[in-house]
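First comes the structure, then the notes that go with it.
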Amino acid sequence: MSDLPDYYFRVRENGAVVFRVDSENRMRRIEMDQIAVINIRNGEIKPHGGRTLSERDLEEIKRWMAERAQLLAYRDIDDIRRAIDHLNMTAQWVQSKATDEQLEAITDDLLLAMHDLRSLLVRKKADRLTKS
């Protein structure tokens, strides 16, 4: 059997369920024993079933949490960059392909969303400029 990691993290909305992986048992089956539930947002680590987590368990969980937080932060910026691309493609679509009916269906919603975003961006930029 290939080398499996010692821990498996089943991602959920605010964190993960943590399992210890055992593939070295008599029947050569992969067994996953739930050891904890973690919350990325508040940093909480809850041992499962009244167990006590070892130092190694805690080290691996904290390492995973740090890596996950980094990945989520990267994804946030990547999503925003994709949104910028979509805005550009939307502008091109409006200019070159959109029918009057299509424009009628989306114009108000898009204008309101863009106005809301612009207002927030201007206010945040002003806040940053006044701080420096």
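Key figures for this structure:
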| read-out | value |
| --- | --- |
| Built amide H within the under 5 Å cut-off of I40, gap 5+ | G15, A16 |
| Cα centroid separation, segment 65-132 to segment 1-49 (Å) | 37 Å |
| Mean shadow area of segment 9-83 over all directions, Cα convex hull, nm² | 6.4 nm² |
| Positive-end residue of M65, S54, L120, charge dipole of the chain with Cβ unit charges | S54 |
| Other-chain or far-sequence residues with amide H under 5 Å of I35's (modelled H) | V18, F19, R20 |
| Ranked list, fewest to most other Cβ atoms within 10 Å of each Cβ, for W64, W93 | W93, W64 |
| Spin-label proximity, R12 to segment 45-61 - amide N less than 11 Å from point 7 Å beyond Cα toward beta carbon | 46 |
| Qualifying lysines (Cα of each under 16 Å from Cα of K46; at least 8 residues distant if same chain) | K62 |
| Identified option (computed Kirkwood radius over Cα pairs in Å; candidates (i) 14.5; (ii) 15.0; (iii) 19.4) | (iii) |
| Crossing angle, helix 55-96 versus the chain [Cα axis fit, 0-90 degrees, rounded to tens] | 20 degrees |
| Least to most buried among S132, S23 (fewest other Cβ within 10 Å first) | S132, S23 |
| Sequence of M65, M89, M27, M32 once ranked by neighbouring C-beta atoms within 10 Å, starting from the fewest | M27, M89, M32, M65 |
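Rule-based calculations on the coordinates, nothing more; no lab input. All figures in this text were calculated on a predicted structure; none of them were measured in a lab. Every residue, glycine among them, receives a Cβ derived from its backbone with ideal geometry; neighbour counts consider all protein chains shown.
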